[in-house]
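Inspection log for the structure reproduced underneath, given as structure tokens.
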Amino acid sequence: MTGISRRDRLRFRISRLYQQARAHLPELGLSGLVTVAEALVVLQDELRQRVVDALLAVLPHPLLALPLALLVPALTGLGVHAARRERKPAPQPLFGHLPFPDRVEPLIGREDKLREVVDRARESGIVAVRGATGTGTSALAVHCAWELAAEARKQRYADVRGPDRQHPETPLSVAQRVLRTLDRPPGSIQEPEDAAPVVIEALTGTGRVLLLDNVSTWSQVAWLPPRVPGAHIVVAGEAAGDVPRHLQPVELGPLTSEAGQELLAAHIGDRRIDRDRQALRPLADACLGSPAEIVRIGRWLARNPNVPLRTLVDDLDRLPIDEKLSFVLRLSIEQLGPTAKQLFILLAGLPIAEVDHQAAAALAGLPSAREAIDELAERGLVEKVRMSRVRVTGAFRDTGAAATTQEAGAWRRLVEYFADQADAFAARLPDDDARTWFAAEDRVLLQVLAPEPPARRTSRALGRIADAVEAWFTLEQRHEDRLRAAALLARAARSLGDDHVQATAELRQSAILLTLGDPGEARRHFDQAAALRVRVESWPAELHLGHATILLATGDGFSAVESALIRYGQALAGGDLVGHSLRLINVAALLMRRAQLLGRDDAQRLYADARALLFEALDMAGRGGDAHAQAHAHELLAQAHWHLDRPFDADQHWGEAERMYGETADEIGRARCHVHQAIALLAEPDTRPGEAAELLAAAEPRLPPAGLTTALAYLHLARLHPRQAAAHRAAGLAALAPWDGIAEPQQVTEIRARLTALKH
């Protein structure tokens, strides 16, 4: 039923050529204007002479032409500026928050349920509306939210239905989306449960209502707090799985026969019902009480006024039950024009559940797809979701795969479109418009990277997309998403045989795994990247830096680290301030690591040398505009000053590092600073265990599950809290597990020994 004939395909191609030509009409008009301007240039000498003669004839004295020649251009410029200011359009609002949906009127057959949901929300603060797709859970939840908070400024809406058709969004992804909806940084949480106190803090006493729509499973929202004083939370969707204890959902079932008839009549109209009233009940009953199907049939009948209700009833009676609900949808497809039909087939075959209007146009190769999308939406074949986004109706999600294979160029056009968009917005980060675009599209971009096998001739475009999401996820400190994007790119590049892109992806995974405290896996990916470039001399600068970082994390082979850093410096461009800053930071880290193995006098000399290098690196990072490199330099400067017995300077640099990590939303960096500050407090003559314990408690949830700093935090937590020493000891040893079976620095060996020596 969803196929497109050769005739329709030809009509679509002719229509596409016509629309593309029409899109270039302004350029043709501009060419005409240029031609006219050229003619005016030819006549300019004659025009100039006539203007001068006219002015001299009017002025009483020729010298008065001089001030006039100065004033006229200035006054003309002011006039043009004022006119442009008047014509300047109002700035478009950002779409950081999804607009709260309007109420669907009329809400027929759900009045009692609405009152039950509102009363339960006011009583307990959180309420859930659960029902199968098409039963109207979203419509009822939206009505409830408007009852609880009628002011737009008190409404917050989060659509947690993701772009992946096969898998629902993870609880962590849902929690991150909710935090962004509440203007909180999503990178501040490691687990979904970490979001609950942030939600409480953001909503308490505000009178707001937070609506989480299209929830697929209860696990997505199980982390929500059971109550928020002075605010309300509404959850709506299918919500499969075990119900959380603090939620008692209001179940929505099918509409009654009477309510179904009333809803159908509201869309068809009284006159038409009066002509064929006997057919109303069987037609409504054929929809099995589904409000979505009743509305769809009502709208189809409204568009086809010459079709008697009894004819449609007879057609439905001849069908088996499993085909009744899709019958009207199939009739709608048959009535589509060629452009809308081709676009629908392409959308239905996408591995992505939803795209925006511009992406849909790129998919079809059209300047604009608005008319085709409007035609599809009018017939209920697509849903307009999340502002300008479009999603194929569930009944036809997988019907277009064969057509998409025939139109392989459509997917390549879409990948190129997303690559161009991602490039443009990544260059504008951290501006608000770029943030809001990535917030809406980051999951879609991951889906674009995911298809296996990837389309031919798309490796470079996929690389550009991965570069953009790397910049975005790094800004938000979403390291797991960074790792996922890099892994998807590596798989795609390997399949397409692009060694350059694969090397970039493998190296990126290596760097991320080092951040997450897993040097063993980082080394494996680094080796895979290095294997793609046989000669060391041909390595790019990033590969040398990654090599040095891995060597530093997996042992005390200082000569090898020094050699890698020298090669890194040689591979850098002379004007790369940030790159040379990173080189100096790593050299300073190498000196400080050496110092830890030496006597006091020799160590003090190396700490002083590291301090001088770090000040130079700080200056370069500042001139290069890299806030993260500046923060790292401040963090190491603090440690150098502390080892040099300059605690005041150390506190100053830790404070500055924490502030700059906060600006870049690097919660792991902030947590590291807290751990080192706590260790410094415990080492002072007048130890302050209370302050140290507070710093460690604040740092522990934000640290990665593995790594040296994480193990240090658990070591000192065990010393400060003897009753929980066994649990902290086990967690600390688990944080050092990535070094099992590989070379490890002496510092790791010492911390492992101290953890093992703790009393059980």
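The packing ranking of peptides 597-604, 663-670, highest mean first, is 663-670, 597-604, where packing means the average number of other beta carbon atoms within 10 angstrom of each residue. Note on residue 383/residue 698: beta-carbon distance plugged into 1/(1 + (r/R0)^6) with R0 of 51 Å gives a FRET efficiency of 0.70. Cross-link partners for residue 154 among the aspartates and glutamates, with Cα-Cα distance under 16 Å and sequence neighbours closer than 8 places in the same chain left out: 102, 183, 201.
Between residue 246 and residue 271, full extension at 0.36 nm per residue minus the direct alpha carbon distance yields a gain of 4.1 nm. Taking 0.36 nm per residue of separation and subtracting the current Cα-Cα distance, fully stretching the chain between residue 204 and residue 429 would add 77.9 nm. Spin-label model, residue 456 to residue 730: label points 7 Å out along the Cα-to-beta-carbon direction sit 5.5 nm apart. The mean accessible area for residues of the range 558-603, using a 1.4 Å probe and ignoring ligands and nucleic acids, is 47 Å² per residue. The residues of the range 698-741 expose on average 42 square angstrom of accessible surface per residue, using a 1.4 Å probe on protein heavy atoms. Here's the picture: a label point sits 7 Å out from the Cα of residue 743 along the beta-carbon direction, and within the range 580-609 the residues with their amide nitrogen under 20 Å of it are 586-598. In summary, the aspartates and glutamates within cross-link reach of residue 341, defined as a Cα separation below 18 angstrom excluding same-chain residues under 8 places away, comprise 8, 354, 356, 371, 374, 375, 378, 383, 398, 407. Considering only protein heavy atoms and a 1.4 Å probe, what is the carbon-and-sulfur percentage of the accessible area of the range 398-505? Answer for the range 398-505: carbon and sulfur cover 50 percent of the accessible area. The share of accessible area on the range 648-725 that comes from carbon and sulfur is 53 percent, using a 1.4 angstrom probe. On the range 97-137, 48 percent of the accessible area sits on carbon and sulfur atoms, based on a 1.4 Å probe. Net charge dipole, the range 233-325: roughly 400 debye, given to the nearest 20, about the Cα centre with Cβ charges of +1 for Lys and Arg and -1 for Asp and Glu. Averaged over its residues, the range 265-319 has an accessible area of 52 Å² per residue, based on protein heavy atoms and a 1.4 Å probe.
The values are calculated or read from the model by the stated rules, or taken from the named source; none is laboratory data. Treat the numbers as computed from the prediction; the structure is a model and nothing was measured. Note: ideal-geometry Cβ built from the backbone for every residue, glycine included; neighbour counts use all protein chains shown. Keep in mind that these areas ignore ligands, DNA and RNA; they rest on the heavy atoms of the full protein, side chains included. Shrake-Rupley method; radii C 1.70, N 1.55, O 1.52, S 1.80 Å.
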